[in-house]
1. Assign one of three labels to the range 72-152, namely rounded, prolate or oblate, based on the Cα gyration tensor with a ≥ b ≥ c the square roots of its eigenvalues; rounded applies when a/c is under 1.5, prolate when it is not and a/b is larger than b/c, and oblate otherwise.
2. Kindly sort 339, 435, 198, 466 by accessible area of their heavy atoms, largest first, with the probe set to 1.4 Å.
3. What share of all Cα pairs of the range 211-367, in percent, falls into each consecutive 5 Å distance bin?
4. How many angstrom lie between the C-alpha centres of the range 177-250 and the range 446-472?
5. Under a 1.4 Å probe, what is the accessible area of the chain per residue, stated in Å²?
6. Out of all DSSP beta bridges with both ends in the chain, state the antiparallel percent to the nearest 5.
7. Where does the chain land at 222 nm, in deg cm²/dmol rounded to the nearest 500, when only DSSP H runs of n ≥ 4 count, each adding -39500 (n - 2.57), divided by all residues?
8. Counting only protein heavy atoms and using a 1.4 Å probe, what share of the accessible area of the chain belongs to carbon plus sulfur, as a whole percent?
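The values are calculated or read from the model by the stated rules, or taken from the named source; none is laboratory data. It should be emphasised that the depicted structure is a prediction, and the values quoted were computed from it without experimental measurement. Please note: Cβ atoms are built from the backbone with ideal geometry, for glycine as well, and neighbour counts cover all protein chains shown. In case anyone asks, the SASA skips ligands and DNA or RNA and just uses the protein heavy atoms, side chains included. Shrake-Rupley method; radii C 1.70, N 1.55, O 1.52, S 1.80 Å.
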Amino acid sequence: MFAIRTREPKTVMNRLALLSRWQEELNELGMFESDIINIRNASLFKPLEPIPVMFLLMRLTEHEAVLDVIDIYKAVAIEAQFYNSSLACIHNTVEQILTHDWLVSLGKDAKGRALYTTQMMIDIERSVVELATYLHLDESYKMNDQAIEQAIAAQENNQGFEMSEEQQASVQGVCQTGLDILQGRAGAGKSTSMQAVRIAYESQGIKVKGSTIAKKAAVQLENDTGIESKTLASTILEIEKRPSRYSNSVILVDEAGLIPTSDLLMLMRGAEKAKAKIILVGETAQLKSIKQTGCLAYLSKLLGHSELTSIYRQRQLWARTMVVDLRSGASMSAINTMRAKGLLNLFETKDKTLEALIDAWHAYTLANPNKDWMIMAFSWKDVEPLNELVRKRLKDREVIGDEDIEINCVVSQKVMSLKFSVNDRVWFTINDYERAFTNGDLGTVTAISEFEDEYYFFISMDNGHRVRFKVSDYSDEKGNLHLVRAYASTIYSSQGSTVDGDTFVLYTTSMDRAASYVAGSRHKDNCDWFVNGRELDDYNDDAITEERNLQESRIETLAKCMRTSRHKAIALEYLKA
């Protein structure tokens with residue numbers, strides 16, 4: 001039987017009490033969260049100051065835990081638009097922020113830039129560390145060796161082959177405390193380990209529940225491991241309202257590196273209240289949260305973690321070695337492998353690069369009609385041209401229809417005018433729980449009809465459902481449809497995917513080590529890279545005239561971009577430095 005915890009984490013409760021003080025101070029100033037819209041509407045509420053400094057201090061670290069002066073100026077300039085503020089007013093507001101008690105100096109970075117955070121962010125991070133440490137000291141969920149060995153044997157029987165020693169050790173490692181961490185390289189078999197963990201705990205009558213940032217990832221986690229999964233937001237909401245549902249439970253959080261610090265704190269508070277266990281699964285070398293990040297790496301160093309390093313996804317040894325090189329920053333070694341295998345393609349212009357990528361994809365899909373494939377680019381501004389080029393080829397092959405219904409669409413706050421036809425592949429871009437639509441759901445258009453000046457979409461979803469909706473019912477307040485074409489995707493949205501075939505990557509200099517690693521590790525067969533040489537030239541300040549030197553200069557620049565690490569640390573790391 002498992003012991004029931006009775007002690008209270010006093011240090012954590014003190015820290016959480018301190019967090020509540022920030023809202024109390026804002027309340028005293030009339031700065032309630034519910035008043036934000038009023039603050040921005042002068043006809044309803046006259047602001048206390050030309051630009052609300054307190055509001056800005058509260059929001060500065062909403063996306064990044066560590067800031068520099070430029071970040072602060074950006075935040076002030078954005079808010080200043082609501083007030084038609086002068087440049088002098090912006091400078092004055094920045095000065096108020098820089099001298100405010102709530103702003104904390106973190107010293108300087110390697111380039112000599114002054115770094116800052118807010119006291120609120122420091123308190124949130126300290127609360128996460130203290131609560132994580134408290135959970136990690138709890139042995140209520142420690143599994144006995146026999147139960148773990150039986151679970152491993154059961155998993156091996158289910159899959160028909162033995163688990164590696166490393167995978168077996170990882171299962172043992174995350175069945176010990178109230179908070180355990182598993183880090184695994186892309187393609188190293190984390191799903192296999194998680195299945196065994198589920199079997200182990202369920203054999204002792206303990207529920208295992210999965211949680212991920214995105215609904216699409218939750219569906220994949222459930223399919224891969226058999227663990228009933230939902231989004232992190234849903235988990236936090238449910239555990240807060242009905243903690244009893246999570247008693248005697250393990251919450252397994254996949255892609256934990258994507259979780260913002262403030263969300264992790266709410267999850268840990270809920271787990272403590274419900275007396276549940278947390279397992280954080282992810283990898284610090286992959287892409288991080290687009291909001292506050294760095295906690296997975298920090299907690300892994302502080303508390304220790306299990307690790308999976310042997311890669312199994314790629315079929316060829318040289319391909320697995322190349323993935324390891326991308327991960328470690330040995331980019332020149334990876335590039336040399338690409339060149340030797342004919343996977344690196346350099347062109348003179350962006351248009352030629354795009355066309356070459358589509359040519360390669362076109363030839364591959366014709367030669368391998370039963371194989372999976374994926375086209376990736378770093379941002380939506382590059383994804384959409386790729387989608388358009390793929391669509392043109394499919395029209396030439398008479399795969400999609402000629403309807404070409406043009407509709408304004410939106411994804412990640414980017415609005416674009418897109419054409420849709422029968423058999424177009426589409427991607428749902430926001431969650432709509434009433435209609436059971438999930439951000440990341442894929443489907444195929446089966447029909448588009450018009451009735452009373454309104455378009456209706458009929459879509460066969462990849463999950464087996466057939467849906468029908470009118471555009472206005474799945475659009476934002478400006479009428480932009482939450483749907484895009486789905487032939488190419490961003491690297492960020494591809495994280496966690498496995499492609500049983502080839503992948504095609506449009507490389508840009510925005511792609512650092514983490515992005516290159518994620519993009520270069522989705523495939524089982526080959527990953528083809530397409531690079532605009534002129535973009536590399538622009539990135540490189542040195543003037544090169546000789547053709548041979550130009551080629552080598554481009555390769556060196558590519559290697560430099562691929563090995564650049566944009567590591568995001570939590571604010572506490574700077575305070576302890």
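1. prolate
2. Of 339, 435, 198, 466, the descending order of accessible area is 466, 339, 435, 198.
3. 2, 8, 12, 14, 15, 13, 11, 9, 7, 5, 3, 1, 0
4. With the range 177-250 and the range 446-472 each reduced to a Cα centre, they are spaced 34 Å.
5. Computed with neighbouring chains in place, this is 46 Å² per residue.
6. 45
7. About -13500 deg cm²/dmol.
8. 48
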